[in-house]
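Beneath this line is the structure, given in structure tokens, with notes to follow.
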Amino acid sequence: MSVFRRILMLGAGILALSAFQGLSAQPGFPAPPPAPVDTHRSIAPYFARATAHPKAPDADGFLQRWVLLEPIVKPNRSNNVLTDSYVRAAFSTEYFPGQFTVVPHDGDKVTVAGQELAWHALDTSTFNAKIFRFAYGLNKPTYGVIFWAVTVVNSPREIKDIRLAIGSNSASMWWLNDKEVVDVFGDRHMIVDDAVSHRLTLNKGRNVIRGAVINGPGLSDFCVRFIDEKGAPIKDITMNLE
Amino acid sequence: MKSHLLAAAGLALFSLYAMTPARAEDGEPYIHDPSTVMQCGGKYYVYGTGGGGLISDDGWTWHSGAVRPGGGLAPDVIKLGDRYFVAYASKGGGMNGGHAGAINTMWTKTLDPTSPDFGFKDNTVVATTDGIEDADAIDPSFLLAEGRLWLTYGTYFGYIRIVELNPKTAKRIPGNQPVNIAIDMEASAMMYRDGWYYLLGTHGTCCDSANSTYNIRVGRSRKVTGPFLDNMGLDMIRGGGKLFAAASGRHVGVGHFGLMDLGQGVQKFSCHYEADLDRSGRSVLDIRPMMWKDGWPVAGDNFEEGTYEIQSERGGYALELAVDFVRMANPARGPGFMRAPTGPVTPIAAQDLAQVLPNWPTGNIDVRLNDYMIRPNQKWTISPVANVGGYPGSPYFKITIAGTDRALAATAEGEVITVPTFTAAPEQLWRIEQLIDGTYRIMPKAVPNSSEPVALTSIGGRTPTLAKFDPKNDKSKWNFRRP
């Protein structure tokens, strides 16, 4: 992926592809197979519709229930523009009413630049939310996009001095109970616990996590969990999206 | 690939920052044949030849004032239970014209000469030589290991010997006979680690100031009585010994090893230099980090000021000011990756502070970890700060973005930020110590509203914080690399 990105970034893609095609014409190099056409796009098996039952984090504490908004188009040919200030500006732009306050439900719709986008309440089958697959499966734009994600975490107790730990491809910002707590900027790969918030307190009861991920070309995904002072995951919480 | 090329070009152009050799201890650290450095009542004590010794509040700034009766040569100190035992040579070593030596032990409840509990008692001879045999009972050193107390002693007049003492009284075990374990060295000392006994001793010429060839060597054995072999298998009783420490910088004639185990993966050693060339060639105390490599102790150097990348051992990412990444102009590449480059080869200037500084915020700025890109927001100048105290071996340092006064600081919330101006506040002073594995621990002198000692820690792959130091976890460890 990174090689492909760099080729795009440098505007050398045509040259590179020509070179590879040139190689294929040489004796001993078979012609590449035609690109497959996916006529049965689906968000399965990466996502399933969220149920009404509370969902616990997985064994490593990752949050696997999210309400995802279909991607907002934000064209970027490469991720080298994703500096702190660019991303902050991109995420502080209001694309739809209630962007920073709403707790959406499955099927809710917003309009962004004249385009209607739907929220999808989903459970992920992997520790990370493969939002490229979410967009791809719904026949939505996959490159040059912004994803918004919301989840509601219920805690049986107040938990102090824990941290929200995230990883994302590419840049992202995350808010807990309407307060920005952690971010990553630049051309990022998704790495578990790549960035971690300062110490924070998870309220007893309802807590809202809101995130935004921006990506140019390439796969997009994110992973989120809470960790304690020793880096161990917080697991005695649930998500129910209410 | 692109990054590597740019980095290589940048490094080729980047001028090296001036480095100042580390200074031996501060104050008046003048001493010869120092004992093991001992902590008592929050202060540090070290004793030397001729009586008396040095006291320090922090292990960095030393003054005379320690009191040891008996005079003589090259004492050592050990704490057994609630008592401090001192061993010293009351005669021998050329005193009184010969090598009829004697080692005495005595104890005191405290090393603080102003305390009513201070006072040495029970002065007892525990080892002697007759002046004729191939040994001279001077330069004693204790080792407590596996519940048993040992004493080594001797000098160039024959053998280094070991005897066993009572671990409660530091008196000789009745019937115990000395064992010869090395030859032709002095200032012996021992350590025990992972089933190995290490015998250290000083080779070379003593007491000739800047011309002293004193150097510390080491051998090891599975048995406390040897044989102690060096890295080449040569027995120390045949003159063997792997070099541990020799002259360096402005310091000549390294001798009289003493172990300081601070715990949590921090070990240091004390020594004297026969000559500190910055201090009239006087004999001075120093305390330096000690590392371990392949089962052998390695003498480290105290942290030297300079400009560095501060790299997390956890992920290899660099500590940086959290500001916008500013791209460098991409050089012309000719026809691209797939063909050989064309045109002249020219250097490319590294990104300069002046190019980016105007766009940085002027208030506090967060820090984070990121890929090292030889950028101005990733280069830290680390400098000692005068008159703010220190810790064993070093002064406190300030850590500022190179070319600016923007300083790394601890916050009351236990996080790290940068403040626009260094003020020498305790939360802006940093203790930097090399660990036994060669990495470093970085601790603020103080955290506002907290007395908990904490260290710079990589809590996430790219997130620094302050947390309790964990010597077994790379998240607590750092490296300093030339930028």
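General remarks:
- Hits in the range B:359-382 - residues which are surrounded by fewer than 16 Cβ atoms within 10 Å (Cβ to Cβ) and not in a loop (DSSP other than H, G, I, E, B): B:Asn359
- Residue that is nearest to the other protein chains (Cβ to nearest Cβ), among those in the range A:78-94 that are of a type in the set (Ser, Thr, Tyr) and assigned to a helix (DSSP H, G or I): A:Ser85
- Extreme residue, farthest from the other protein chains (Cβ to nearest Cβ), among residues of the range A:176-199 that are farther than 15 Å from A:Leu63 by Cβ and assigned to a strand (DSSP E or B): A:Lys179
- Some residue of the range B:145-156 being at pLDDT below 95 and assigned to a loop (DSSP other than H, G, I, E, B): yes
- Taking the criterion of being buried (at least 16 other Cβ atoms within 10 Å of the Cβ), assigned to a loop (DSSP other than H, G, I, E, B) and not β-branched (Val, Ile, Thr), the residues of the range B:200-233 that qualify are B:Gly204, B:Cys206, B:Ser212, B:Tyr214, B:Gly226, B:Pro227, B:Phe228, B:Asp230.
- Selection over the range B:280-295 of residues that are touching a residue at least 12 places away in the same chain (Cβ under 8 Å) and either crowded, with 17+ Cβ neighbours inside 10 Å or hydroxyl-bearing (Ser, Thr, Tyr) (or both) gives a count of 10.
- Screening B:Ile78, B:Ile132, B:Ile55, B:Ile162 for residues that are over 27 Å from B:Ile181 (Cβ atoms) and either in contact (Cβ under 8 Å) with a residue 60 or more places away in the chain or among the β-branched types (Val, Ile, Thr) (or both) leaves exactly one candidate, B:Ile55.
- A:Asp236 satisfies every condition listed in (1) part of a loop (DSSP other than H, G, I, E, B); (2) closer than 22 Å to B:Asn370 by Cα; (3) not β-branched (Val, Ile, Thr) except (2).
- Only residues that are more than 14 Å from chain B (Cβ to nearest Cβ), outside any loop (DSSP other than H, G, I, E, B) and farther than 21 Å from A:Thr126 by Cβ were counted across the range A:200-209, and they come to 5.
- Screening B:His272, B:His256 for residues that are crowded, with 16+ Cβ neighbours inside 10 Å, touching an Asp or Glu at 6+ places or on another chain (Cβ under 6 Å) and in contact (Cβ under 8 Å) with a residue 60 or more places away in the chain leaves exactly one candidate, B:His256.
- Evaluation of B:Lys379 against (1) over 27 Å from the mean Cα position of the chain (by Cα); (2) more than 14 Å from chain A (Cβ to nearest Cβ); (3) of a type in the set (D, E, K, R) (one fails), failing number: (1)
- Residue within the range B:238-247 that is over 22 Å from the mean Cα position of the chain (by Cα), in contact (Cβ under 8 Å) with a residue 12 or more places away in the chain and assigned to a loop (DSSP other than H, G, I, E, B) present: yes
- Residue in the range B:308-318 that is away from chain A (no Cβ under 14 Å) and either acidic (Asp, Glu) or at positive phi (or both) present: yes
- Enumeration of residues in the range A:153-175 that are over 16 Å from the mean Cα position of the chain (by Cα) and not in a loop (DSSP other than H, G, I, E, B): A:Val153, A:Asn154, A:Ser155, A:Ile159, A:Lys160, A:Asp161, A:Ile162, A:Arg163
- From A:Pro97, A:Pro71, A:Pro75, A:Pro104, residue being away from chain B (no Cβ under 14 Å) and over 17 Å from the mean Cα position of the chain (by Cα): A:Pro97
- Every residue from the range A:149-200 that is surrounded by fewer than 19 Cβ atoms within 10 Å (Cβ to Cβ) and closer than 20 Å to A:Tyr95 by Cβ: A:Asp178, A:Glu180
- Filtered by the rule that a residue be more than 9 Å from chain A (Cβ to nearest Cβ) and within 15 Å of A:Asp228 (Cα to Cα), the range B:465-483 gives a lone residue, B:Leu466.
- All positions within the range B:417-472 that are closer than 29 Å to A:Arg188 by Cβ, part of a strand (DSSP E or B) and modelled with pLDDT under 95: B:Ile459, B:Gly460
- Matching strands (runs of 3 or more DSSP E) fully within the range B:277-316 where at least 2 residues are closer than 20 Å to B:Tyr198 by Cβ and of a type in the set (Phe, Trp, Tyr): none
The values are calculated or read from the model by the stated rules, or taken from the named source; none is laboratory data. Predicted model only: the values in this text are computed from it and were never measured. We place every Cβ from the backbone using ideal geometry, glycine too, and count neighbours over all the protein chains shown.
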